[in-house]
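K.L.:
Sharing a structure here in structure tokens format.
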Amino acid sequence: MSAPAPTKTGFFDCRDSFAATIEALAEADPRIVTVVSDSVGSSKLAGFRKKFPERMVNVGIAEQTLVAVGAGLANGGKVPFVSAASCFITGRALEQVKADIAYSNVNVKLIGQSSGVAYGELGPTHHSIEDLAWLRVLNNLTIIVPADPWQTEQAIRAAAALDGPVFVRVSRMPVPALKRADPLFKIGESETLVDGDDAAIIANGTMVHRAISAAENLASEGIKVRVVNMATVNPLDETAILAAARTGAIVTVEEHSVRGGLGGAVAEIVTAHDPVPMRIMGFPGFVPTGSAEWLMEHFGLTAAGIAEAVRQTIARKR
Amino acid sequence: MPLTAPSRRNDRVATIAEKALWIRRRSFQMVYEAQQGHPGGDFSAADVLATLYFGVLRYDPTRPNDPARDRFVMSKGHCTGAFYSVLAAAGYFPESELKTYMQPLSRLNGHPNRNYLPGVETNTGPLGHGLPVAVGIAIAGQIDNADFRTFVLTGDGELQEGSNWEAALTAGHRRLENLTLIVDRNRLQQGARTEETASLDPLDDKWRAFGWHVEVVDGHDHAQLLDVLGRSPRGRSKPLCVIANTFKGKGVSFMHDNVSWHHGVPNKEQYEQAMAELV
């Protein structure tokens, strides 16, 4: 497949990767359909609609039916990719996600688009910084938060290959393609992108490249920090989390609320096994008006902010 | 299925009547023994369920995931007394298992779970979930031009859930002729009459306005139900809504049209009186 075009030099919109991958998968597997709620453009599915018009179901602005129709299509033998803004496909249709998808344990792929604070100035109604907290407690539901275009493609392919419900959280925030010595994606397995034993940063999604920059900055001070990309939030890579705890200090970073997301998930494991000082970075809750970039800056979700959090957490090491 | 010979049709109606009576007796026994359940709705839906499973649906209980099967979605998932009874009668699991209803670790949870029990298409319980899922099943059939039909049974109070009307729009828009909704129109919801709570009338006009074909029948008349549900949908070009006028607690004098039997459970005397009437 052709690589998606960069949005600015070296940066990519992961929705392009989603769109290219779903089109390629649909060519090979006639069971694949997409389901949208007037969300063709925001899901970048215009190309899919042109190629497979009869395999796109648009239910209109109706998220409960969007998700439930996905469950029904799976019952009818389809492999539905249900795609809408993450804030609506989760919050508006949460009981459908719980009962029709997770509890019924059906083969539906939910794609939460433009997650986190990507909608910036549109405000907390359109931010999706609660989605991981809402979904993480649901049994059966695999949750993936890819960090770059390559991992987005891998996540979509893995979701299609898995017989069961999956939520993939896709961002529209520009991210660079991460450098990997040995690219391998498996659901439930994290990847260590920077080695180090003085502390560990566990991040996912748009925060991974910022965490890597933070680690590079700290390395120049002689502080060796591990960076773990925890793309799968359900099921968690407990082995990698416990290994991170053995560094003696953990900082988690996510484009999500500091309550109930990746940080909470990591803390559940760490406190049950090997408690160490932790810092959970993210958003405190409903945020004020500002662009996505401004919000990240404001709440310290930058290379400098993450590096400072690592220094402070190392200072708390026992 | 074809309903040509009148004698065969009469036999079928007689079988349905026999099964409906059995569902009422067996589900009431389940509710009595569990001291939990929703017997009023079990009784209002018993005739619709018996008609579907013994006159209309094409299914093989030994192949519950057969892609060609007709689908039945039990949206009023609280009426598991009747639903589990009809599934057992249809052969999906042994009738002897019905005595485990709501017991610890039983497959027969208060609301149905497809991962426990064959014959359950989707997990229901919260209201307003069955129709949207059934719409998705029908769309899959429409995309494949498949032969199977999809049926869904909702309560009437349940139609106060907005999700139904989202799904109704999509079904009408897509002209899902392979989809049939049956509304168990007993006019009573948990706490009061529907029309005193959030009125639904004129219910037939509402469905027509959403692009559906509507039939209004006596939901306790097996011959009427068989005729309207058994008719081929080909060429109708619209989803079908069958408003089945029913009575909560139908079949037992002291339960008839009585809201307190929504989730009322019988004592020994009431149980014995009901069983004496259900003959």
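The values are calculated or read from the model by the stated rules, or taken from the named source; none is laboratory data. No experiment lies behind these values; they were computed from the predicted model shown. For neighbour counting, all protein chains shown are included, and Cβ atoms are generated from backbone atoms with ideal geometry for every residue, glycine included.
K.L.:
Looking at A:Thr247, A:Thr252, A:Thr206, can you tell me which residue is crowded, with 16+ Cβ neighbours inside 10 Å, in a strand (DSSP E or B) and of a type in the set (S, T, N, Q)?
P.N.:
Checking each option against the conditions leaves just A:Thr252.
K.L.:
Out of the residues in the range B:165-199 that are in contact with a Pro (Cβ under 9 Å, 6 or more places away or on another chain), in a loop (DSSP other than H, G, I, E, B) and more than 24 Å from B:Asn65 (Cα to Cα), which is farthest from the other protein chains (Cβ to nearest Cβ)?
P.N.:
Selected residue: B:Arg175.
K.L.:
If I go through the range A:90-105 residue by residue, how many of them are free of Cβ contacts under 8 Å to residues at least 40 places away in the same chain and either surrounded by fewer than 24 Cβ atoms within 10 Å (Cβ to Cβ) or in a helix (DSSP H, G or I) (or both)?
P.N.:
Here the count works out to 6.
K.L.:
Hey, another quick one. Cβ-Cβ below 6 Å, separation at least six or inter-chain, first residue in the range A:121-135 and closer than 24 Å to A:Val266 by Cβ, second assigned to a loop (DSSP other than H, G, I, E, B) and small (Gly, Ala, Ser): which pairs?
P.N.:
Between residues of the range A:121-135 that are closer than 24 Å to A:Val266 by Cβ and residues that are assigned to a loop (DSSP other than H, G, I, E, B) and small (Gly, Ala, Ser), the close pairs are A:Ser128/A:Ser115; A:Leu132/A:Gly261; A:Ala133/A:Gly260; A:Ala133/A:Gly261.
K.L.:
Still on this model: Go through A:Val233, A:Val276, A:Val266, A:Val310 for me and flag whichever is assigned to a loop (DSSP other than H, G, I, E, B), of a type in the set (A, V, I, L, M) and touching a residue at least 12 places away in the same chain (Cβ under 8 Å).
P.N.:
From the options A:Val233, A:Val276, A:Val266, A:Val310, the qualifying one is A:Val276.
K.L.:
Follow-up. If you go through the range B:86-107 one residue at a time, do you hit one that is on the phi < 0 side of the Ramachandran plot, in contact with a strand residue (DSSP E or B) (Cβ under 6 Å, 6 or more places away or on another chain) and either touching a residue at least 60 places away in the same chain (Cβ under 8 Å) or within 14 Å of chain A (Cβ to nearest Cβ) (or both)?
P.N.:
The answer is no; no qualifying residue exists.
Conditions (1) touching a Cys at 6+ places or on another chain (Cβ under 6 Å); (2) in a helix (DSSP H, G or I); (3) among the polar types (S, T, N, Q); (4) touching a residue at least 60 places away in the same chain (Cβ under 8 Å), marked per residue:
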residue	(1), (2), (3), (4)
B:Asp205	no, yes, no, no
B:Gly211	no, no, no, no
B:His220	no, no, no, yes
B:Leu226	no, yes, no, yes
B:Ser232	no, no, yes, no
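For every residue, the table says whether it meets (1) closer than 21 Å to A:Ala161 by Cβ; (2) in a strand (DSSP E or B); (3) modelled with pLDDT under 95; (4) assigned by TED's automatic domain parsing to the domain that holds A:Ala160.
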| residue | (1), (2), (3), (4) |
| --- | --- |
| A:Lys50 | no, no, no, yes |
| A:Glu54 | no, no, no, yes |
| A:Gln64 | no, no, no, yes |
| A:Ala71 | yes, no, no, yes |
| A:Ser83 | yes, yes, no, yes |
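K.L.:
For the range A:156-164, check the following and say yes or no: at least one residue is away from chain B (no Cβ under 14 Å), over 23 Å from B:Ile137 (Cα atoms) and in contact with a Cys (Cβ under 8 Å, 6 or more places away or on another chain).
P.N.:
No.
K.L.:
When you scan the range A:109-120, do you find a residue that is touching a residue at least 24 places away in the same chain (Cβ under 8 Å), within 14 Å of chain B (Cβ to nearest Cβ) and of a type in the set (A, V, I, L, M, F, W, C), even just one?
P.N.:
Yes, because at least one residue in the range A:109-120 is touching a residue at least 24 places away in the same chain (Cβ under 8 Å), within 14 Å of chain B (Cβ to nearest Cβ) and of a type in the set (A, V, I, L, M, F, W, C).
K.L.:
Considering only the range B:143-164, state which residues are surrounded by fewer than 20 Cβ atoms within 10 Å (Cβ to Cβ), assigned to a helix (DSSP H, G or I) and at the interface with chain A (Cβ under 9 Å from one of its Cβ atoms).
P.N.:
Within the range B:143-164, B:Ile143, B:Asp144, B:Gly162 qualify.
K.L.:
Let me ask something additional. Could you please find all residues in the range B:239-256 being over 14 Å from the mean Cα position of the chain (by Cα) and in contact (Cβ under 8 Å) with a residue 24 or more places away in the chain?
P.N.:
Correct list: B:Pro239, B:Leu240, B:Gly249, B:Lys250, B:Gly251, B:Val252, B:Ser253, B:Met255.
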